[in-house]
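The values are calculated or read from the model by the stated rules, or taken from the named source; none is laboratory data. Keep in mind it's a predicted model, so treat the numbers as computed, not measured. Positions of Cβ are generated from backbone atoms using ideal geometry, with glycine treated the same way; all protein chains shown enter the neighbour counts. Surface areas here come from the heavy atoms of the whole protein model, side chains and all, with no ligands, DNA or RNA. Shrake-Rupley method; radii C 1.70, N 1.55, O 1.52, S 1.80 Å.
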Amino acid sequence: MATQAAHASHAHAHAHTVKRYKGLMDWLTTVDHKKIGILYLLAGFIFFIVGGLEAILIRIQLMKPMNDFVAADTFNELITMHGTTMIFLAAMPMLFALMNAVVPLQIGARDVAFPFLNALGFWTFFFGGVLLNISWFVGEVPDAGWTSYVPLAGPTFNGTHGVDYYVIGLQIAGIGTLLGGINFMATIINMRAPGMSFMRMPMFTWAIFVTSILIVFAFPALTVGLVALMFDRLFQANFFETGSGGNTVLWEHVFWIFGHPEVYILILPAFGVISEVVSTFSRKRLFGYSSMVFALVLIAFLGFMVWAHHMFTTGLGPVANALFSIATMLIAVPTGVKIFNWLFTLWGGSIKFTTASLFAIGFIPTFVLGGVTGVMLASAPADYQYHDTYFVVAHFHYVIVGGLILGIFAGLHYWWPKMFGRMLNEGLGKLTFWTFFIGFHLTFFVQHFLGLLGMPRRVWTYLPNQGFDTMNLISSIGAFLMGIGTIVFVINVIVTWAKPRNAEADAWEDGRSLEWSIPSPPPEYNFKQLPLVRGSDAWWKEKREGKTEMTPAEPLGPIHMPSPSILPFIMSVGLFVAGFGFMYHIYWLAGLGILITFACMFLRSVFDDHGFHIDPEEEVHA
Ligand code: HEM
Ligand SMILES: [Cu+2]
């Protein structure tokens with residue numbers, strides 16, 4: 001497996017050898033952002049399938065009144081795991097896949113700032129997700145909703161280990177997200193190619209920069225909340241136990257101080273994808289670049305001021321409700337700026353209807369629908385009617401599936417050639433779009449009316465002849481159609497994989513940013529010579545001047561690369577073992593897990609990692 005690669009040619013080299021792995025060991029030890037992106041995509045998509053299957057089971061149960069397809073307890077487990085898996089283990093990792101695959105290329109870098117940390121981020125997410133889903137196999141599944149409100153999720157009313165899997169699984173996976181946020185913040189600030197000033201960065205990179213800042217400020221709230229809930233559940237603390245001086249509403253505040261920015265952590269990257277795709281396939285510069293950047297920053301800022309709109313009915317009082325109402329409605333303004341800028345970019349453009357652009361164009365009206373119902377929900381008095389009904393379920397699926405998932409599909413179809421060197425089949429791509437898009441609106445549009453008619457969310461079943469029957473049937477049929485759309489996508493991936501690599505560097509011929517100036521997929525070191533950026537839409541600018549490659553900013557020479565390492569994988573296994581030990585109060589096991597993790601940290605700190613050098617003439621494809 002291991003091959004020895006001596007790099008004595010390195011000028012001021014200290015001759016050192018680095019193990020290079022192949023096959024499975026290569027994936028377990030990689031610190032290459034391109035490979036880590038593929039790992040995130042694989043794991044995230046598998047969790048998307050799991051979350052989708054849970055959704056289908058929910059919809060089968062709700063397909064007709066008084067159904068008993070699943071038991072009531074199982075239904076509670078299904079909605080809890082569906083929501084939690086889709087948000088933390090599917091949507092975010094798929095965004096991290098695009099972040100890893102694209103951002104270092106867009107800024108003209110050879111990797112992220114901390115490749116080792118990047119690998120650790122992936123493996124902690126992965127093992128946190130596995131731990132959470134192991135709960136299905138041990139028959140103790142979290143069942144208090146994805147928000148796990150106390151006291152329902154507390155030790156008094158929830159004595160099984162189900163919620164412990166939620167708390168510890170999310171805690172471990174959350175470490176991964178936080179590390180990712182720190183890493184991309186540092187990467188975008190420090191690793192930009194010469195000439196790539198902030199206001200020359202592609203919009204997707206801007207979106208990821210703002211998202212990383214949101215992650216760094218929002219995730220610690222979740223970390224703290226989960227620690228408090230863990231102490232209540234495992235060590236009889238009383239943070240949320242009202243009988244012992246705790247406060248249940250405190251959990252809601254802590255959860256939503258994280259939870260609302262979380263929805264922007266999800267949607268801002270999708271906004272970035274739409275900006276890239278709309279501009280490329282309209283063959284026009286993105287309209288209103290600076291206002292787009294300003295809108296991103298303003299949305300992120302306001303996003304921290306609105307969390308209590310999830311708690312209007314908790315009894316915070318009219319003053320607090322009014323303030324949070326107004327702050328929430330204000331977010332519609334910068335969001336509107338983005339919508340109009342995308343429309344003005346499309347306006348007068350020579351639009352190419354590829355699968356990626358169809359998803360992007362479908363995103364715009366769908367997201368607007370979700371946004372408008374968001375403004376309705378922001379009105380505190382009206383929310384007394386909407387709260388905890390299917391109107392809310394419809395709203396957040398319009399923004400989270402109609403927005404985020406359509407955005408992710410647009411990004412995957414757009415950057416697939418860059419990631420894998422193959423173009424996805426456009427015929428199957430368009431079939432994916434139409435089945436998923438029609439299925440989506442069938443599933444969730446009727447849910448607005450179910451909610452207005454008074455159907456509560458999180459109900460296992462409902463009585464017949466209340467006006468809910470037909471619409472629930474339509475909603476379930478729609479869910480199946482979304483399932484078919486997802487299967488067509490999987491078929492497309494398999495069919496494409498069987499084909500030889502056929503993607504050009506500038507796969508869509510009209511690429512504007514740096515990732516389209518290097519081969520598809522890129523070599524291990526990305527850029528033979530770091531590019532000199534001389535304007536925004538850097539690659540487009542060079543092409544317009546008749547150039548066939550970027551102007552280099554450095555001479556050709558040996559390229560320094562970080563070494564692969566198995567430590568991130570082992571450290572995460574250690575956390576997994578420790579989590580399991582704590583949950584079942586097997587303290588030797590918990591101790592062993594912590595020991596493994598700390599031993600890896602010790603090894604990482606005492607042994608210097610010099611990395612290795614590659615001669616760019618030595619063509620190494622990722
Ligand atoms: C792909 C198709 C999807 C379908 C058919 C679907 C369907 C549903 C349904 C019917 C519920 C409501 C259950 C209830 O209250 O009784 C639900 C809840 C939820 N869904 Fe989805 N969903 C889908 C995708 C997603 C995605 C992609 C996300 C997030 C990225 C998501 C996040 C959630 C959340 C957070 C809840 C709330 C769970 C709770 O009440 O604790 N869903 N979903
Ligand atoms: Cu919110």
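In the full protein context, region 188-298 carries 33 Å² of accessible surface per residue, based on a 1.4 Å probe and ignoring ligands, DNA and RNA.
Cα centroid separation, region 206-275 to region 308-352: 21 Å. For the peptides 234-245, 263-274, 490-501, 104-115, the ranking by packing is 263-274, 104-115, 234-245, 490-501, with the highest mean count of neighbouring Cβ atoms within 10 Å listed first. Solvent-accessible area of the chain (1.4 angstrom probe, protein heavy atoms only): carbon and sulfur portion equals 71 percent. For the chain, a simple Cβ point-charge model (Lys and Arg +1, Asp and Glu -1, everything else neutral) yields a dipole of about 1220 debye relative to the Cα centre.
Accessible surface for region 67-170, divided over its residues, is 25 Å² per residue with a 1.4 Å probe. Using a simple spin-label model with pseudo-atoms 7 Å out from Cα toward Cβ, Leu24 and Glu426 lie 4.0 nm apart.
Here r is the Cβ-Cβ distance between Trp588 and Ser290 and R0 is 51 Å; the resulting FRET efficiency, rounded to 0.05, is 0.30.
Paramagnetic label reach from Val495 (point 7 Å along Cα→Cβ; backbone nitrogen cut-off under 11 Å): within region 425-453, residues 425-432.
Just name one of Met292, Phe436, Trp146: the one whose Cα is farthest towards the positive end of the charge dipole of the chain (beta-carbon charges, Lys/Arg +1, Asp/Glu -1). About the Cα centre, the residue reaching furthest to the positive side is Met292.
Residue separation of Asp615 and Tyr384 scaled by 0.36 nm, minus their Cα-Cα distance, works out to 76.6 nm of gained length.
Could you tell me how many degrees, from 0 to 90 and to the nearest 10, lie between the Cα long axis of helix 115-138 and the main elongation axis, the longest principal axis, of the Cα atoms of the chain? Helix 115-138 sits roughly 30 degrees off the main axis of the chain. With the highest mean first, a sort of the peptides 557-565, 395-403, 354-362 on other beta-carbon atoms found within 10 angstrom per residue produces 354-362, 395-403, 557-565.
In order along region 240-253, the phi-based Karplus estimate (6.51 cos²θ - 1.76 cosθ + 1.60, θ = phi - 60°) of 3J(HN,Hα) comes to 10, 8, 4, x, 10, x, x, 9, 5, 5, 4, 4, 4, 4 Hz; Gly and Pro are listed as x. Stretching the chain fully between Ile570 and Asp68 yields a gain of 176.4 nm (0.36 nm per residue, less the alpha carbon separation). The residue list Leu592, Ala507, Gly176 was ranked by how far each Cα lies along the charge dipole of the chain toward its positive end, using unit charges on Cβ atoms, and Ala507 comes out on top. Among the listed pairs Lys418/Lys543; Lys352/Lys430; Lys499/Lys547; Lys430/Lys499; Lys352/Lys418, which have their C-alpha atoms separated by more than 23 angstrom in this model? Violating the 23 Å limit, Cα to Cα: Lys499/Lys547. Per-residue ellipticity at 222 nm computed for the chain from its helices equals -21000 deg cm²/dmol, with DSSP H segments shorter than 4 residues left out and the rest contributing -39,500 (n - 2.57).
Once both labels are positioned 7 Å from their Cα atoms along Cα-to-Cβ, the gap between Val375 and Lys541 label points is 3.7 nm. Positive-end ranking of Thr470, Leu132, Ile38 along the dipole of the chain, with charges on Cβ about the Cα centre, is headed by Ile38.
What region 352-478 shows is 34 Å² of accessible area per residue, with the surface traced by a 1.4 Å probe over protein heavy atoms.
A protection proxy built from the mean count of other Cβ atoms within 10 Å ranks the segments 509-520, 544-555, 54-65, 577-588, most packed first, as 509-520, 54-65, 577-588, 544-555.
Structural size metrics of the chain, computed from C-alpha coordinates, are Rg and Dmax of 24.5, 81 Å.
Only Lys, Arg, Asp and Glu carry charge here, each on its Cβ (+1 for the first two, -1 for the last two); on that basis region 250-391 has a dipole of about 740 debye about its Cα centre. Stretched out straight at 0.36 nm per residue, the stretch from Asn247 to Trp434 would grow longer than its current Cα-Cα span by 62.6 nm.
Straight-distance candidates among the aspartates and glutamates for linking to Lys528, with alpha-carbon spacing under 19 Å and chain neighbours fewer than 8 residues away dropped: Asp32, Asp111, Glu504, Asp506, Glu515, Glu542, Glu549, Glu554, Asp615, Glu617, Glu618, Glu619.
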